[in-house]
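**Student:** My structure is below; once you've seen it, I'll send some questions.
Laboratory data are not the source of any read-out in this text; all were calculated from the coordinates shown. Worth saying up front: this structure is predicted, and the values here are computed from it rather than measured. FYI the Cβ positions are ideal-geometry reconstructions off the backbone, even for glycines, and counts take in every protein chain you see.
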Amino acid sequence: MTDFPYRLRLPGPTQVPARVQAASAQPVISHRGPEFHALMRGVQAMLRSVFGAAGPILLFAASGTGMMEAALANVLGPGTRALIITNGQFGERFAAIAQELGGIVDPIEVPWGEAVDPALVEARLRQRGYSAVIAVHNESSTGVVTDLAALGRITRNSATLLVADTVSGIGGIPLEQDAWGVDIVIAAAHKALMCPPGLGLASLSAKAWGAIAEDHGVPRFYWDFRRCRDAAAKDETPFTPPVSLVMALAEALRMMSDEGMAQVLARHRRCAAALRAGAAAIGIENFTRTASLSDTVSVFAVPPGLDGGAIVHHLYEKHRTVIAGARNRLSGKVIRFGTMGEIRSDDILTDLIQLEETLAALGHRFSRGASTAAAAAVLGPP
Ligand SMILES: *Cc1c(COP(=O)(O)O)cnc(C)c1O
């Protein structure tokens, strides 16, 4: 297995570092015993610093979408009104979930590839009251980052909650939940946090806890954040947690704290910039021209005459490298690379070497070797 030349270069799940893999293979322990309590205390302390939040971080056995639904189930119910920013696939998913839960959904439809102008949100909030403004921090379908700090300045002194999905952002781009005034942040551990899939995370502000105490939300049991908070106060979860994944997360967080969070974020920024520079040098342009570019997900427009699916397929068949296309309206038109987690310079250079071989095989014309030269200039000395 270890020498199987399989490169997981998706925007999630991401490659699991050997240290994290080994941690997840430890014997399972009781989730009500002292060993788990100690594990939970360590994870909580490290997570609080990654979220930039003072409160307990809630852990659930869930994918990211489970956490999106959990967040809304705790604050929306039949007849409550939510303002949902839809500038990509995950914003649209939030709107679909809110609708399913019986909420009244007012979308702010932003063209895919653009970030929302906070002034638009402010104007909508002046028109009427909303229970929540719902945003995707790092929109993985387009590679665009939402300015949560600006949204937080708008909602902070009102009854409206700011709910954000940072599933593909946390650990790879800056997040300061408390300082920015984000009321509910949901995430998952299988993207920049480098864990195998299955562990969901949520963090709530005092304002969010206050709103939940008024018993907003749909009928819920497993997903009731209050039950999870009460268990967290005892260093536990209300029900059996994915113990092995919590061990994996503890190790991943230790790796990040050993490297230093500022260094982790700088490495993501450098790798993403190098991949974009390399791609641009061979005529593969970024999907969006926005300045609010993600450092964790790089999305490229497929040049005319080529098909994104064919690029994805060739990279896998020839190189066993797995990148993403799109499973939405951009299908065939974009290719997407994760630039998060354990990503390093050599990963970016390998991506580009393989991308050049693929594009040449598919008939794209460019100057061979230009991408790695451009990327190396950004990456600096090895
Ligand atoms: C990956 C992702 C999710 C969740 O996806 P799951 O497949 O349910 O884990 C949610 N939001 C964003 C922005 C994502 O990138």
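**Student:** Which of the peptides 105-116, 66-77, 263-274 is most tightly packed, and how do the rest follow, judged by the mean count of other Cβ atoms within 10 Å per residue? Walk me through the numbers on the way to the answer.
**Tutor:** Numbers: 105-116: 18.1, 66-77: 24.1, 263-274: 19.7.
Most protected by this proxy first, the peptides run 66-77, 263-274, 105-116.
**Student:** Would you report the distance distribution of C-alpha pairs in region 127-256 as whole percents per 10 angstrom bin, up to the bin with the largest distance?
**Tutor:** Using 10 Å bins, I get a P(r) of 11, 38, 37, 12, 1 for region 127-256.
**Student:** Then there is this: Karplus couplings for region 282-297 from phi (6.51 cos²θ - 1.76 cosθ + 1.60, θ = phi - 60°), rounded to Hz, Gly and Pro as x?
**Tutor:** 10, x, 10, 8, 4, 4, 10, 9, 4, 7, 8, 7, 6, 8, 9, 10
**Student:** Given the convex hull of the Cα atoms of the chain, what is a quarter of its surface area in nm²? Don't skip to the answer; put the middle values down first.
**Tutor:** Values: hull surface 73.3 nm².
Taking the Cα atoms of the chain, their convex hull projects to 18.3 nm² on average.
**Student:** Can you list residues whose amide H is under 5 Å from VAL297's amide H, if they're 5+ apart or on another chain and H is modeled 1.01 Å from N?
**Tutor:** Answer set, sorted by chain and number: THR339.
**Student:** Set the Förster radius R0 to 45 Å, insert the Cβ-Cβ distance between ARG153 and ALA361 as r into 1/(1 + (r/R0)^6), and round the FRET efficiency to 0.05.
**Tutor:** Values: r = 49 Å, r/R0 = 1.10.
My answer for the efficiency is 0.35.
**Student:** Using θ = phi - 60° and the Karplus relation 6.51 cos²θ - 1.76 cosθ + 1.60, list the HN-Hα couplings for region 101-111 in order, rounded to whole Hz, with x at every Gly or Pro.
**Tutor:** Each residue of region 101-111 in turn: 7, x, x, 8, 9, 10, x, 9, 7, 10, x Hz.
**Student:** Can you report the principal axis dimensions of region 258-323 using only the alpha carbons, biggest first, rounded to whole angstrom?
**Tutor:** Its Cα atoms span 42, 29, 17 Å along the three principal axes.
**Student:** Same structure again: P(r) for region 226-374: what percent of alpha-carbon pairs falls in each 10 Å bin, starting at zero?
**Tutor:** 10, 33, 26, 17, 10, 3, 0
**Student:** Could you tell me what fraction of 2.2 N^0.38 Å the Cα radius of gyration of region 57-208 comes to, as a two-decimal ratio? It would help to have the intermediate numbers written out before the result.
**Tutor:** On the way: Rg = 13.9 Å, N = 152, 2.2 N^0.38 = 14.8 Å.
Rounded to two decimals, the normalised Rg is 0.94.
**Student:** Please report the spacing between the Cα centers of region 24-95 and region 185-251 in Å, no decimals.
**Tutor:** 4 Å
**Student:** Something else: Report the calculated FRET efficiency for THR240 and ALA123 (r = Cβ-Cβ distance, R0 = 56 Å), to the nearest 0.05.
**Tutor:** On the way: r = 46 Å, r/R0 = 0.82.
The computed FRET efficiency comes out at 0.75.
**Student:** Relative contact order of the chain, please, whole-number percent, based on alpha carbon pairs below 8 angstrom and at least 6 residues apart. Don't jump to the answer; show the numbers that get you there.
**Tutor:** Details: 793 pairs, mean separation 87.1, N = 382.
Normalised by residue count, the contact order of the chain is 23 percent.
**Student:** Using 7 Å Cα-to-Cβ label points, what is the GLU317/SER30 separation (nm, one decimal)?
**Tutor:** Here the answer is 5.5 nm between the modelled labels.
**Student:** Using all C-alpha to C-alpha distances in region 1-88, build P(r) with 5 Å bins and read off the rounded percent in each one.
**Tutor:** 2, 8, 11, 17, 19, 16, 11, 8, 5, 1, 0
**Student:** Which value, in Å to one decimal place, does the Kirkwood hydrodynamic radius take for region 80-130 when every pair of different Cα atoms is included?
**Tutor:** On the way: mean 1/r = 0.0892 Å⁻¹.
One decimal place: 11.2 Å for the Kirkwood radius.
**Student:** Considering only the chain, what is the antiparallel percent among its DSSP beta bridges, to the nearest 5?
**Tutor:** If I count the DSSP bridges inside the chain, around 50 percent turn out antiparallel.
**Student:** Under the rule of at least 5 residues apart or a separate chain, name every residue whose amide H is placed under 5 Å from the amide H of LEU161.
**Tutor:** Under 5 Å from the amide H of LEU161: ALA132, VAL133.
**Student:** Also, quick follow-up: Hey, in the GNM for the chain with a 10 angstrom Cα cutoff, which one of ALA361, ALA232, ALA277 fluctuates hardest?
**Tutor:** So, out of ALA361, ALA232, ALA277, the one fluctuating most is ALA361.
**Student:** Separate question: By per-residue mean of other Cβ atoms within 10 Å, what is the highest-first order of 53-60, 177-184? Before the final figure, lay out the partial values.
**Tutor:** Working: 53-60: 20.6, 177-184: 22.1.
Ranking the peptides 53-60, 177-184 by packing returns 177-184, 53-60.
**Student:** In a Gaussian network model over the chain where Cα atoms closer than 10 Å are linked, find which of PHE94, PHE366, PHE300 has the largest mean-square fluctuation.
**Tutor:** Comparing PHE94, PHE366, PHE300 in a Gaussian network model of the chain, the most mobile one is PHE366.
**Student:** With +1 on the Cβ of every Lys and Arg and -1 on the Cβ of every Asp and Glu, and nothing else charged, how large is the dipole of region 21-101 about its Cα centre, in debye rounded to the nearest 20?
**Tutor:** On the way: 5 positive and 4 negative charges, 45 e Å.
Rounded to the nearest 20 debye, it is 220 debye.
**Student:** Another question about this same structure. What residue among LEU161, ALA188, ALA373 has its Cα farthest toward the positive end of the dipole of the chain, where the charges are +1 on Lys, Arg and -1 on Asp, Glu, each on the Cβ?
**Tutor:** ALA373
**Student:** Set the Förster distance to 41 Å, then compute FRET efficiency between TRP209 and GLN99 from the Cβ-Cβ distance, nearest 0.05. Could the numbers behind the result be given before it?
**Tutor:** Details: r = 25 Å, r/R0 = 0.62.
According to the calculation, E is roughly 0.95.
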